[in-house]
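The numbers here are math on the coordinates, done by the rules we state, and not lab data. If you're wondering where the values come from, they're calculated on a predicted model, not measured in any experiment. Backbone-built Cβ (ideal geometry, glycine too); neighbour counts: all protein chains shown.
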Amino acid sequence: MKKISLFLVILFILAACSSVKPGIGGEWKLVSYGDAANPTPALPNVDTSIQFDSGKMSGNVGCNGFGGAYELGGDQITFSGVMSTMMYCEETSAQEQAVLAVFSDGAKLPTQLNGSTLTIASADGASVVTLMRK
């Protein structure tokens, strides 16, 4: 009986741990961007996705795909080698430009992970990108 009870306890702990997604790894959607004091909501009816996985990031916040590398250090993230396709899409252009401006190469950017919300601020703190876990 003790072996069965111990097995059930271990199974419960493993099940609880498997549902927790540590750090920023995984898929996110854009919630808002722009001015830190008054962010602009993401465009409605535009599917957005940003993936963070083992030091690589990729995504699409409206029209163009982008990708690059990232490195976490405490509560800061540094992006490098960020590249994007270059199609012009009038409806999503401002949103894409604002998000990619925050994901600029080399700057150590402050991050805040609060439950299922991730906020990444620009190096000067004037702009933010807020993401929600998908």
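What are the residues in the range 45-59 that are in contact with a helix residue (DSSP H, G or I) (Cβ under 9 Å, 6 or more places away or on another chain) and polar (S, T, N, Q), if any? Result: Thr48, single match.
For the structure I just gave you, tell me whether Glu90 is more than 20 Å from Leu118 (Cβ to Cβ) and loosely packed, with under 14 Cβ neighbours inside 10 Å. Here the answer is yes, as Glu90 does meet what is asked.
Of all residues in the range 20-50, exactly one satisfies the criterion of being surrounded by 12 or more Cβ atoms within 10 Å (Cβ to Cβ), on the phi > 0 side of the Ramachandran plot and within 12 Å of the chain's Cα centre (by Cα), namely Gly26. Would you mind listing the strands (runs of 3 or more DSSP E) fully within the range 36-109 where at least 3 residues are within 13 Å of Ser122 (Cβ to Cβ) and either acidic (Asp, Glu) or free of Cβ contacts under 8 Å to residues at least 60 places away in the same chain (or both)? Of the strands (runs of 3 or more DSSP E) lying wholly inside the range 36-109, those with at least 3 residues that are within 13 Å of Ser122 (Cβ to Cβ) and either acidic (Asp, Glu) or free of Cβ contacts under 8 Å to residues at least 60 places away in the same chain (or both) span 76-84. Residues in the range 110-134 that are assigned to a loop (DSSP other than H, G, I, E, B), under 13 Å from the mean Cα position of the chain (by Cα) and surrounded by 13 or more Cβ atoms within 10 Å (Cβ to Cβ): there are none.
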